[in-house]
1. In the range 462-471, what count of residues is obtained for those that are surrounded by fewer than 21 Cβ atoms within 10 Å (Cβ to Cβ) and outside any loop (DSSP other than H, G, I, E, B)?
2. Restricting attention to the range 355-371, and to residues there that are of a type in the set (Ser, Thr, Tyr) and in a loop (DSSP other than H, G, I, E, B), which single residue is nearest to the chain's Cα centre (by Cα)?
3. Would the range 193-208 turn up any residue that is under 18 Å from Gly271 (Cβ atoms), outside any loop (DSSP other than H, G, I, E, B), modelled with pLDDT of 95 or more and aromatic (Phe, Trp, Tyr)?
4. Quick check on the range 246-261. Is at least one of its residues more than 14 Å from Met207 (Cα to Cα), touching a Phe, Trp or Tyr at 6+ places or on another chain (Cβ under 7 Å), modelled with pLDDT of 95 or more and not hydrophobic (A, V, I, L, M, F, W, C)?
5. Where residues in the range 298-322 are within 19 Å of Ala204 (Cβ to Cβ) and among the hydrophobic types (A, V, I, L, M, F, W, C), which of them is surrounded by the fewest Cβ atoms within 10 Å (Cβ to Cβ)?
6. Is one or more of the residues making up the range 332-354 more than 15 Å from Gly412 (Cα to Cα), of a type in the set (Val, Ile, Thr), in contact with a strand residue (DSSP E or B) (Cβ under 6 Å, 6 or more places away or on another chain) and not in a loop (DSSP other than H, G, I, E, B)?
7. Filter the range 252-296 down to the residues that are of a type in the set (S, T, N, Q) and more than 22 Å from the chain's Cα centre (by Cα), then identify the one that is farthest from Leu79 (Cα to Cα).
Amino acid sequence: MHRQPSMSLAYATGLAPRSVARASKAVVAVTLALFCTACGNGSSNNSGTSSSGASGNAGTGSGGSSPSTSTVAFATDVLMHHNDLARTGQMLAETTLTPANVNTSSFGKVAFLAADGKVDGQPLSVTSLSIGGVTHNVIYVVTEHNSVYAYDADNNAQLWKVSLTGANETPSDNRGCNDITPEIGITSTPVIDRNRGPNGVLYAVAMTKDASGGYHHRLHALDLASGAELLGGPSEISATYPGSGGNSVNGVLTFDPSLHTERVALTLVNGNIFMGWTAHCMAGAYTGWIMSYSADTLQQTGVVNVAPNGHQGSVWMAGSGMASDGTSIYVVDGNGTFGTTLDANGFPVDSDYGNSFMKLSASPLKVTDYFAPLDVVQLANADGDFGSGGAMLLPDVTTAGGTIKHLAVAAGKDNKIYVVDRDAMGKFSATSNAIWQVLTGTLAGGIWGSPAWFNGTVYYGALNDNIKALPVTNALLATTAASKSPTTFPYPGATPAISANGTSNGILWAAENGTTGALHAYDAANLARELYNSNQAGTRDQWGAGNKFITPTISRGKVYVGTTNGVAVFGLLH
């Protein structure tokens with residue numbers, strides 16, 4: 001059953017019913033005012049709930065049995081990559097920043113949160129957390145040096161710092177590749193659950209190398225207030241799966257930590273942490289692993305290999321998170337073996353899904369539907385990863401005939417945008433793409449990131465292209481942009497984020513890579529109107545070199561941008 005947004009407080013806030021019941025009246029009132037209005041035009045809310053009932057609050061679900069005293073989630077929280085499970089990139093509770101005051105005279109860099117390594121994971125934000133009896137708004141930062149920081153969002157003071165590097169270990173080396181350099185530690189964006197543990201929990205995966213040259217990946221659960229390990233963690237990542245591909249032995253694949261890294265942002269759905277594995281330096285006999293771990297016990301609850309009888313097929317999506325409607329998981333993988341011989345139900349007989357857009361059930365963890373482009377084999381041969389970009393779920397949209405559609409979008413290196421029906425994704429045909437919509441020629445380059453959504457519009461930032469606004473009308477994306485940014489973005493393009501107060505004061509934010517990085521702000525209603533960029537005031541707002549795959553975090557009047565040595569903080573100057 002698909003609930004209408006305005007009928008459910010749990011929908012509007014993203015909180016589980018038990019959390020709503022305990023939430024303060026003030027928080028509920030504010031959230032209702034912001035989001036029930038927004039729901040009226042089909043806009044997804046900040047908590048990540050699509051009209052199919054997907055709750056974006058990371059702490060809810062049926063798997064939670066740990067005692068909890070932190071039961072209030074706030075509209076200004078950013079608990080996961082791109083703000084919600086649909087991965088829309090929206091912050092709809094921003095009441096300070098507006099198109100009128102985001103300009104070079106009143107807005108700029110107000111702080112820099114120094115860190116001991118590259119910040120490839122998106123900074124996360126928690127509102128009104130008690131630490132030592134004092135209430136703080138907190139920003140969490142992770143680095144490739146395996147450090148986790150908690151900073152006070154109001155005075156920028158460091159509240160705590162912990163290292164996830166084990167005894168007699170170091171962060172992993174990068175084995176001479178340039179994709180993640182010079183070291184590999186915490187690459188993926190963590191996920192936060194405010195409803196587990198005594199103060200809430202931050203989940204992160206760290207990679208290390210021991211004194212004997214062995215590689216390790218471990219899942220950590222950290223107390224939000226202190227950084228202390230919780231839930232018996234950390235938990236060593238390991239897995240086996242039936243198959244004859246990759247580095248299999250006697251029909252069994254064994255997860256090799258030296259061949260894989262966790263790039264995809266962590267996803268928390270119904271009490272399980274989901275992670276997807278890409279190749280360590282894109283070399284060796286790697287394959288596409290997807291795993292789930294209990295958020296309560298940190299023990300593995302599911303594993304699937306999406307190229308078990310072939311090669312490659314890794315999951316990375318430029319660091320974006322797997323999307324979810326609260327029941328299923330949606331993920332796009334990269335170059336690898338795709339089995340073009342299909343069974344009677346249209347699935348590859350060898351279970352190889354390289355370069356596919358997959359829908360997986362959460363329990364048991366398995367592929368339940370998929371879409372592969374008609375030229376899937378050619379794409380793999382030409383290094384044309386479909387999974388170079390992430391997926392996004394649209395709120396319910398209605399066709400001209402009145403039919404409600406549940407759609408998702410994804411794009412990769414081939415410059416096309418693929419729109420699938422989540423109820424029937426289209427599978428594979430060598431002669432046609434039997435899906436809802438394919439946009440060809442709309443983007444000038446490939447995608448290394450994720451789109452955003454706001455007020456009925458999809459925003460894409462392709463390689464060497466303008467960011468483009470594509471309105472959705474009668475459940476169809478416009479093939480020509482309604483507006484586009486004056487800026488074209490070099491590699492890797494841009495992963496935009498949105499700030500707004502409900503449906504008003506929409507601003508699109510994007511980080512530009514390069515020798516001198518830049519933060520850009522555009523009027524979301526007309527991208528041709530640039531409000532601000534961090535190079536307009538000379539060196540005042542600059543922070544140095546840009547960083548790849550970065551999406552800005554917006555919370556409580558501030559904008560946070562991950563850099564090569566910390567986080568640049570932007571806000572009102574006076």
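1. Step one: list which residues in the range 462-471 are surrounded by fewer than 21 Cβ atoms within 10 Å (Cβ to Cβ), which gives 464, 471.
Those left that are additionally outside any loop (DSSP other than H, G, I, E, B): 471.
Result for the range 462-471: 1.
2. Narrowing the range 355-371 to residues of a type in the set (Ser, Thr, Tyr): 356, 361, 363, 368, 370.
Subset that is in a loop (DSSP other than H, G, I, E, B): 356, 363.
Details: Ser356: 18, Ser363: 21 Å.
Only one residue fits best here, namely Ser356.
3. yes
4. Looking for residues that are more than 14 Å from Met207 (Cα to Cα), touching a Phe, Trp or Tyr at 6+ places or on another chain (Cβ under 7 Å), modelled with pLDDT of 95 or more and not hydrophobic (A, V, I, L, M, F, W, C), one finds none in the range 246-261, hence no.
5. To start, the set of residues in the range 298-322 that are within 19 Å of Ala204 (Cβ to Cβ) comprises 298-301, 315-322.
So of that shortlist, the ones also among the hydrophobic types (A, V, I, L, M, F, W, C) come out as 298, 315-318, 322.
Values: Leu298: 21, Val315: 25, Trp316: 29, Met317: 34, Ala318: 23, Met322: 26.
Only one residue fits best here, namely Leu298.
6. From the range 332-354, those more than 15 Å from Gly412 (Cα to Cα) are 337-353; that's our starting set.
From what is left, the residues that are of a type in the set (Val, Ile, Thr) are 337, 340-341, 349.
Still in the list and also in contact with a strand residue (DSSP E or B) (Cβ under 6 Å, 6 or more places away or on another chain): none.
No, the range 332-354 has no match at all.
7. Here is the first cut: in the range 252-296, the ones of a type in the set (S, T, N, Q) are 254, 258, 261, 267, 270, 272, 278, 287, 292, 294.
Now restrict to residues that are more than 22 Å from the chain's Cα centre (by Cα): 254, 258.
Numbers: Thr254: 32, Ser258: 29 Å.
The residue in question is Thr254.
Residue by residue, here is whether (1) out of contact with any Asp or Glu (no Cβ under 9 Å at 6 or more places or on another chain); (2) closer than 30 Å to Leu360 by Cα; (3) of a type in the set (A, V, I, L, M, F, W, C) holds:
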| position | (1), (2), (3) |
| --- | --- |
| Ser429 | yes, yes, no |
| Ala434 | yes, yes, yes |
| Gly456 | yes, yes, no |
| Tyr460 | yes, yes, no |
| Pro492 | yes, yes, no |
| Leu519 | no, no, yes |
| Asn526 | yes, no, no |
| Glu530 | no, no, no |
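The values are calculated or read from the model by the stated rules, or taken from the named source; none is laboratory data. The structure presented is a predicted model; accordingly, all values stated were derived computationally and were not measured. Heads up, the Cβs are rebuilt from the backbone with ideal geometry, glycines too, and the neighbour counts pull from every protein chain shown.
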